[in-house]
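Encoded as structure tokens, the structure appears first; notes follow it.
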Amino acid sequence: MTEARPRPRRTVGDSLEEFERDLISNLYYQRGTTIESASGPDGYHTLAVTVRDRLVDRYARTAAAHYAANPRFVYYLSAEYLLGRQLRQNLLYTDTERWVRPIAEDLGVSPEALEVYDVEPGLGNGGLGRLAACLMDSMATLDIPAVGYGIRYEFGIFKQTFRDGKQVERPDDWTFYGNPWEFPAPDDRQLVGFYGTTVADPKDPENLRRKWTPGETVRGEPSHMLVPGYGTQTVNIIRLWQARASRESFDLARFGVGQYVEAVDDIVRAENISKVLYPDDSTEPGRELRLKQQYFLVACSLRDIIRRYRLRNSGWEGFADKVVIQLNDTHPVMAVTELMRLLVDEHGLGWDEAWGITRRTFNYTCHTLLPEALETWPVQLLERLLPRHMEIVYAINHFFLEEVRQAYPGDEDVVRRMSIIQEGDERRVRMAHLAVVGSTAVNGVAELHTKLLAGTTLHDFAQLWPERFHNVTNGVTPRRFLRMANPALSELITEMLGDEGWLTDLERLHGLGPHADDPAFRAAWRDVKRHNKAGLAAAVERSTGVLIDPDALCDVMIKRFHEYKRQQLKLLHVITMMNRIRADPQATYVPRTVLFGGKAAPGYHAMKLLIELVNAVAGVVNTDPVVSRYLRVVFPADYNVTKAQFIIPAADLSEQISLAGKEASGTGNMKLALNGALTIGTLDGANIEIRDRVGADNFFLFGMDTPAATALRRSGYSPRSFYEADFELRLAVDTIASGTFAKGDRDVFAPVVDAMLGRDEYMALADYRSYVDCQDTVAEAWTDPDRWTRMSILNTARCGFFSSDRTVREYCEQIWKVDPVRVGEA
Ligand code: GL2
């Protein structure tokens, strides 16, 4: 349901001829150029808008169908979306892919050459942002009426480059050449306030209703990206907000007297709100800007949701029946207080009624187990930036703690633990607590994660309200991560299963299982992998200059750099392999390519140093004439969705080696297994569910489980004792300490060694032996190609569960209670 009652006026053609006619017309009338003089970007933009027109048509019909049905909508609030490139997706979803090559050939251009202009909108960091994109894809595919809300960051996730092996961040100016996939919607702009003061409402003796007069106002201007469903007519949208100064912000008087910088002060301050993804929060202004972003997203989105609700409904009783809001992690949790403020202060509802509506409207997905990742905001900052919201937090907390005291009379300890306010030198607001208190359902993202949330992080809440807690294991879209990323494998799968129905019913991959013992099928499977690896090898050589052998075992660790994910453990294994080859060059070894991909947060110095060490190790390994015969290490810079789509289909081995109990779920693990990579992993996150499904024989398990890790920590973990007890581990650590990877300089990587031997927060040393031994089993399995291929086929065949379509179905059934709305054909 959108704006007024949209009436589709034009229906784009449905034939190759009409598509070609539209292309030429768009080139002429939209880009203002001709085939003879068109540049690459002209060609790209023309193709993009021609495909987009087909989506607009469907979008108009979707809006009309939603308007007519007035259904319950899912509103997904997320600070991050990692959508990936749009061109190839939209060609596939509009079924125009098959026309592009003949037309392009006719016109003498290559579609691949045009794709380089298709910029990936990097509006997120990692798994959480990509999950948002996968869920939006599946909602559209399942005809679920949904709108995603986010921020249109002017600069997305930084571009990673390496200088002397060190990560250097460059701004990601993703809209520099324009973004053909979005539509500005300036008529739906909203005003958002910050700072200011509040006063009592004389008519409210309880002082629950107050009036806020903001001290600063900015505009939120929306634009939207179209989100098509696959194999259906539904096209939903993601609405992205950009901050703009309010109209009177330009100071003409100052400009007139030459104060050019001061004249635009207010404009700059306002526009900074949506300038970058995750402003550095190591400074006070940085923290304030981040909180401003969060509230900006929430304030604009809620006003838009209410505007949409009112197009077809009146009164507030039915609000929570038509609106369900999913909070993607804690970043948008101020929405709970903002909806209360809108209902109580601006629309005059009583507190209890407003609270009932609010609680029924919101649900919260938690995506972490790391205590430091659970957001808290200083009370002082909130009091200054959002004074009214802080009052509302106090009131919500007051009523909530009354409930706690009733449930646990006399237990002030539980009150202190559960309070939304964390007491101490600096009082802080616990956003996860506010989220749980303000939501109907709370969910974790994998079985173990949900269990640990209910057992540890949110234990008190799970005791008080067990019915609120749910598990919804993450999933990934098979369209992008199998069909688009791996066309060769998709073709083979379709050939075996008879049709492409598996793309929307991924459990059908089970049908591949019986063919795992068929030698001809295994050979075809191996050929596909070999083909993908040859493609990756060529790309890696172009980007890094390092030659890799497509027949070597392709061992990949692609994810954000974080200590808990344990890239340092992988590196210890690489160094151990190097040391073994050096010690006995005559022996034979399984040839391996180890590929790393990932960025470290700009302020995360320990991980930036580890990135430097990976590059340094690569330098030593790849130039050692003996070692490089068996081992190559490559680290293509700037890992992102586009690169993931290239690397994943070529992987033989998927590294999922986080310390048990730390990775909430992981989704890269699912993408890799679906593409036939075997996992070497711990019993962490969704690894457990992957192993349960593919079978223990088809999964390389190592390391401590969560109880063992907890017990070891309790008993006083000493990494040094592991170091001393294991010759190969000692040698690997000493190799780093000796300066081997820094031209003899022992100081450069000393902090890495100190971190390992000092605290080793994520117990890499404790898991080292089990990991290296398990890698030896991997190498042995690799020497039997038939067995390996069989395992690879079974991984794909049994991972249908990890489709985000299944994830969305579970959200619909357990939490959202929404029904699909079918959109008719043109
Ligand atoms: C994460 C988790 O770390 C990751 O395990 C999970 O798969 C995703 C999606 O649920 O969410 N949480 C988080 O803050 N980021 C993640 O990737 N960035």
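Within 16 Å of the ligand (Cβ to nearest atom), within 20 Å of residue 472 (Cα to Cα) and among the hydrophobic types (A, V, I, L, M, F, W, C) - does that describe any residue in the stretch 144-161? No, the stretch 144-161 contains no residue that is within 16 Å of the ligand (Cβ to nearest atom), within 20 Å of residue 472 (Cα to Cα) and among the hydrophobic types (A, V, I, L, M, F, W, C). Remark: pairs (first residue in the stretch 745-770, of a type in the set (Lys, Arg); second residue not in a helix (DSSP H, G or I); Cβ separation under 8 Å; 6+ apart in sequence or on different chains) = 746/738; 746/739; 769/726.
Per the listing 625, 602, the residue uniquely away from the ligand (no atom under 16 Å from the Cβ), in a loop (DSSP other than H, G, I, E, B) and surrounded by fewer than 21 Cβ atoms within 10 Å (Cβ to Cβ) is 625. Sub-7 Å Cβ pairs linking a first residue in the stretch 126-145 that is in the same structural domain as residue 225 (by TED's automatic domain parsing) to a second residue that is near the ligand (Cβ under 9 Å from one of its atoms) and among the acidic types (Asp, Glu), at least 6 apart or interchain, are 128/80; 128/329; 129/80; 132/80, ordered by first then second residue. Scanning the stretch 640-657 for residues that are within 16 Å of the ligand (Cβ to nearest atom) and more than 13 Å from the chain's Cα centre (by Cα) yields 648, 654, 655, 656, 657. Contact map, the stretch 405-416: first residue in the same structural domain as residue 433 (by TED's automatic domain parsing) and within 13 Å of residue 461 (Cβ to Cβ), second residue among the acidic types (Asp, Glu) and outside any helix (DSSP H, G or I), Cβ cut-off under 6 Å, separation 6 or more or different chains; the map is empty. Please state which one of 725, 660, 711 is within 15 Å of the ligand (Cβ to nearest atom) and of a type in the set (Gly, Ala, Ser). Being within 15 Å of the ligand (Cβ to nearest atom) and of a type in the set (Gly, Ala, Ser) holds for just one of 725, 660, 711, which is 660.
Enumerate the helices (runs of 4 or more DSSP H) found wholly within the stretch 428-533, keeping only those where 3 or more residues are within 16 Å of the ligand (Cβ to nearest atom) and in the same structural domain as residue 331 (by TED's automatic domain parsing). Spell out how you get there, then give the answer.
Details: elements: 431-437, 447-452, 459-464, 487-497.
In the stretch 428-533, 431-437, 447-452 are the helices (runs of 4 or more DSSP H) which contain 3 or more residues that are within 16 Å of the ligand (Cβ to nearest atom) and in the same structural domain as residue 331 (by TED's automatic domain parsing).
Residue 488 - would you say it is closer than 29 Å to residue 370 by Cβ and touching a helix residue (DSSP H, G or I) at 6+ places or on another chain (Cβ under 7 Å)? Against the criterion (closer than 29 Å to residue 370 by Cβ and touching a helix residue (DSSP H, G or I) at 6+ places or on another chain (Cβ under 7 Å)), residue 488 does not qualify. Determine whether the stretch 689-698 contains at least one residue that is crowded, with 21+ Cβ neighbours inside 10 Å and closer than 24 Å to residue 166 by Cα. No: the stretch 689-698 contains no residue that is crowded, with 21+ Cβ neighbours inside 10 Å and closer than 24 Å to residue 166 by Cα. Within the stretch 685-698, the set of residues being out of contact with any His (no Cβ under 9 Å at 6 or more places or on another chain) and within 13 Å of the ligand (Cβ to nearest atom) comprises 687, 688, 689, 690. Those strands (runs of 3 or more DSSP E) of the stretch 191-244 in which 3 or more residues are out of contact with any Phe, Trp or Tyr (no Cβ under 6 Å at 6 or more places or on another chain) and under 30 Å from residue 55 (Cβ atoms) occupy 216-228. Whether a residue is within 15 Å of the ligand (Cβ to nearest atom), surrounded by fewer than 24 Cβ atoms within 10 Å (Cβ to Cβ), touching a residue at least 24 places away in the same chain (Cβ under 8 Å) and closer than 30 Å to residue 802 by Cβ was assessed, and residue 682 does not pass this test. Within the set 740, 735, 789, the sole residue that is of a type in the set (S, T, N, Q) and within 34 Å of the chain's Cα centre (by Cα) turns out to be 789.
Scanning the stretch 761-804 for residues that are farther than 27 Å from residue 662 by Cβ and not in a helix (DSSP H, G or I) gives 783, 784. The number of residues in the stretch 486-532 being more than 27 Å from the chain's Cα centre (by Cα) and either at positive phi or aromatic (Phe, Trp, Tyr) (or both) comes to 3.
The values are calculated or read from the model by the stated rules, or taken from the named source; none is laboratory data. Keep in mind that what you see is a predicted model, and the values were worked out from it rather than measured. Cβ sites come from the backbone with ideal geometry, for glycine too, and all protein chains shown count toward neighbours.
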